[in-house]
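Engineer: There's a structure below that I have some questions on.
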Amino acid sequence: MAQENDFNLDLSDIKHMLSDIQSDIRSFMDSSNHQHLDMMVSNVKNDYSGVIVRHLMEDAGKGLEKNMVKKCEMRNECKGLISNILEKNAGLIRGGNVNEAAIEENRLEIKQLRTKVPYDKCDICFAEASDILSRQVTLMRSMRIYETNKDKRQDLSQLPPEEVVTDILEPLCHQKRFEILKAISAETKSFSALSSLTGLRGGNLLFHLQKLVEKGMIIQRHERGDYMITAKGFKVMEGVSSIYSALEPESEKQANDSE
């Protein structure tokens, strides 16, 4: 009987060890898959944006060739300068999020270039250039990678205060919950790993985990399994990162860039 009890204890220990090993393997696979997925998404995005930029430049080339004044000794020179500005503007798509200031800078460059050419008929060529740039911006809007400050203010006016506070801000308002989200943004974590990370034990840690689960920020893969971040949680953390980067003092940014 004693031998049977010892055997059952050994078997139980082995099961626990196997469970821990499986957990580590899953964590590693999740981390690897996450990194691999990020790399694939990045590559697809680069290829996708490259195709769009080439399409925009083909459209710009056809528009300028067709609609610029034909009989003008400055036609080729102006066409080259305008094409450079339009190509720079189209290339903003590769960055993912297009800054309003960058668009306005390109618009201003076209206007300044117009002041340097001498003929009234030049208005025709630069009107075409402005139209092409506007079409590029329209495409950026449709891709949801460009918004003006006016657009953003209108969006802000539509935010439902109660839902935003309850579902997004309140779950993040505690430092330990933020630490948890930050930790599992890169890979899944077990309860014990999160306990070591946060310094919280038992019910205290479980309280914060349940808060994040209830708000859809994280999920537990299965009963007593690892915790992983959800799409909602990841988007929230990306938003926080963007806000922090935007508000970071310029001196600190420069210091970080130099490191």
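Engineer: Give the order of 48, 227 when sorted by the count of other beta carbons within 10 angstrom, beginning with the fewest.
Structural biologist: By the 10 Å Cβ count, ascending: 48, 227.
Engineer: Run the dipole for the range 88-228 about the Cα centre, Lys and Arg Cβ at +1, Asp and Glu Cβ at -1, nothing else charged, and hand back the magnitude in debye, nearest 20.
Structural biologist: I would put it at about 340 debye.
Engineer: Further question on the same structure: Given a Förster radius of 22 Å and the C-beta distance between residue 76 and residue 147 as r, what FRET efficiency does 1/(1 + (r/R0)^6) yield to the nearest 0.05?
Structural biologist: Result of the calculation: an efficiency of 0.05.
Engineer: Treating only the Cβ of Lys, Arg, Asp and Glu as charged (+1, +1, -1, -1), what charge dipole size does the range 159-247 show about its Cα centre? Round to the nearest 20 debye.
Structural biologist: Dipole size: approximately 300 debye.
Engineer: Separate question: I'd like to know which of 82, 60, 72 lies farthest towards the positive end of the charge dipole of the range 44-154, counting +1 on Cβ of Lys and Arg and -1 on Cβ of Asp and Glu.
Structural biologist: Result: 60, furthest along the dipole toward the positive end.
Any read-out appearing in this document is the output of simple, stated calculations on the displayed coordinates, not a laboratory observation. Treat the numbers as computed from the prediction; the structure is a model and nothing was measured. Using ideal geometry, Cβ is built from the backbone for each residue, glycine included, and neighbour counts are taken over all protein chains shown.
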